[in-house]
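Below is one structure, written out as structure tokens; the observations come after it.
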Amino acid sequence: MRPWVSSIDTSPAWTFTGGIAYDSSAVDDDNRSVTVPMERSGVFALGAQYAIKTEPDAGAAYEFAWLETCSVDQERGPLAGRVAGDFRSSSFSFFALNLKWTYWRGPENPEDWEYSGTAYFILKVGQWLEPNSWN
């Protein structure tokens, strides 16, 4: 996957981010399974971070991802047998809210400039991977 990502500080308080990525095949055809049926995929993302005057900083992000139609042909052993079929293309939307706390231990510890912790709250909405046809 080759991502292109950018970040722009529009003021001391606001930072905006964006990115796109494309993967021609996340999993080789020979290794594709019904557990992770991935073919070509793309991602588009936007985000914003606001530095509140007192901790924490707050942010939000949106990401859209799509997976192209793919075929799966997998031998799952003597009990499960062979599974073969097509998964239709799918898309997902991810919404995230985050809070970021920064801690500085002070000038007596110059090697420890700051510590950051981020809590993410993610809502995932989308058309889930479903079989289109099975053999």
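No lab work stands behind these numbers, since they all come straight from the coordinates. Note that the structure is predicted; figures quoted are calculated from it, not measured. For neighbour counting, all protein chains shown are included, and Cβ atoms are generated from backbone atoms with ideal geometry for every residue, glycine included.
Of Asp23, Asp30, how do they rank once you tally other Cβ atoms within 10 Å and put the fewest first? Mind showing how you got there, number by number?
Working: Asp23 16, Asp30 6.
Result, fewest neighbours first: Asp30, Asp23.
Hey, what did the range 4-64 get for relative contact order, percent, Cα under 8 Å, at least 6 apart? Let's see the in-between values first.
Numbers: 103 pairs, mean separation 18.7, N = 61.
Relative contact order, the range 4-64: 31 percent.
For the range 7-56, which trypsin sites (Lys or Arg not before Pro) pass both filters: DSSP loop (anything but H, G, I, E, B) and at most 12 other C-beta atoms within 10 Å? The partial results should precede the final answer.
Numbers: sites: Arg32, Arg40, Lys53; in loops: Arg32, Arg40, Lys53.
Answer in residue order: Lys53.
Nearest 20 debye, what's the magnitude of the dipole of the range 10-55 about its Cα centre given +1 on Lys and Arg Cβ and -1 on Asp and Glu Cβ?
Numbers: 3 positive and 6 negative charges, 71 e Å.
With only Lys, Arg, Asp and Glu charged at Cβ, the dipole is about 340 debye.
If the chain between Tyr22 and Glu75 were fully stretched, how many nm would it gain, using 0.36 nm times the residue separation less the Cα-Cα distance?
16.2 nm
Just to verify a number: FRET efficiency for Glu55 and Ala96, C-beta to C-beta distance, R0 = 30 Å, to 0.05?
Details: r = 19 Å, r/R0 = 0.64.
Computed FRET efficiency for Glu55 and Ala96 comes out at 0.95.
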